1. Is it the case that residue 115 is touching a helix residue (DSSP H, G or I) at 6+ places or on another chain (Cβ under 8 Å) and outside any helix (DSSP H, G or I)?
2. Any idea which of (1) out of contact with any helix residue (DSSP H, G or I) (no Cβ under 6 Å at 6 or more places or on another chain); (2) outside any helix (DSSP H, G or I); (3) under 25 Å from residue 121 (Cβ atoms); (4) touching a residue at least 40 places away in the same chain (Cβ under 8 Å) is the one residue 180 doesn't satisfy?
3. Which of the residues spanning region 142-151 are at pLDDT 95 or above and either crowded, with 20+ Cβ neighbours inside 10 Å or assigned to a helix (DSSP H, G or I) (or both)?
4. Only one of 106, 118, 180 is surrounded by fewer than 17 Cβ atoms within 10 Å (Cβ to Cβ) and under 28 Å from residue 241 (Cα atoms). Can you tell me which?
5. Within region 156-177, work out how many residues are assigned to a loop (DSSP other than H, G, I, E, B) and either in contact with a strand residue (DSSP E or B) (Cβ under 8 Å, 6 or more places away or on another chain) or within 16 Å of residue 136 (Cβ to Cβ) (or both).
6. Would you say residue 131 is farther than 25 Å from residue 246 by Cβ, at pLDDT 95 or above and not in a helix (DSSP H, G or I)?
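The values are calculated or read from the model by the stated rules, or taken from the named source; none is laboratory data. Keep in mind that what you see is a predicted model, and the values were worked out from it rather than measured. Here the Cβ positions follow ideal geometry from the backbone for every residue, glycine too, while neighbour counts run over all protein chains shown.
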């Protein structure tokens, strides 16, 4: 599959990770957003993320140059016309995704692999606005895309075997293990992780323990690489809340009702690593910095 033309729509955190992963696999990729400036900002963020990896000896300068040389920022949706794989990585909003796929259906080639990266929304609902529901599939990548070794391949009700095989081949191109998921709200990873994150936030809000101690207990007690509150910060608190709201709408189960503290933080613009403050405080390079006063203020 190396050498195929690939387009990613959405130059946010997820789109950036996907573009870097594709380029690192040796394949050129077009990164598309509403404006070229937004797409270029996404490429700049990829470069900054790679600089941090270079500082940790995870990449070399030559790696960075080679990867960036394969990523082309654009605002032109017609760039998908001859793409063999198109990945959607826009916000977790059903109508936005349906509108995008309706447009793509009139633009992209008949045999293109059309992928939605949704973590909670029905693949079938998205596919229903197209004339090719059998060619639509979900691939739920986790953040950070370049490091998390698994992807959920989600079959819609009409997804055919050929589309599934292409999705598997794409996962293999990115060196990802995959699990096969039959469509159901939240799939596997989101459905299981969301109640854990939500409960950790309730424990913090109720003053049972500090954010540091909650995360330390879960890491040491259960072998987690990252505590639940730090994980929510990395994912983006706005994204986590949207997942919860979507699952609450779909399943009507209270465990998915976003913690009031989460709602407060999102309204305050404290979205985690990407804004420099969430349950913890971060510097401009995304590294966590000690700030006991700010941490204590989170629950107030």
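1. On the way: touching a helix residue (DSSP H, G or I) at 6+ places or on another chain (Cβ under 8 Å): yes; outside any helix (DSSP H, G or I): yes.
So residue 115 fits the description; yes.
2. It is condition (4) that residue 180 fails.
3. Residue satisfying the conditions is 151 alone.
4. Working: 106 fails: under 28 Å from residue 241 (Cα atoms); 118 fails: surrounded by fewer than 17 Cβ atoms within 10 Å (Cβ to Cβ).
After ruling out the rest, the residue left standing is 180.
5. Keep residues of region 156-177 that are assigned to a loop (DSSP other than H, G, I, E, B), which gives 156-160, 174-176.
If we keep only those that are either in contact with a strand residue (DSSP E or B) (Cβ under 8 Å, 6 or more places away or on another chain) or within 16 Å of residue 136 (Cβ to Cβ) (or both) as well, we get 156-160, 174, 176.
Here the count works out to 7.
6. Numbers: farther than 25 Å from residue 246 by Cβ: yes; at pLDDT 95 or above: yes; not in a helix (DSSP H, G or I): yes.
So residue 131 passes the test.
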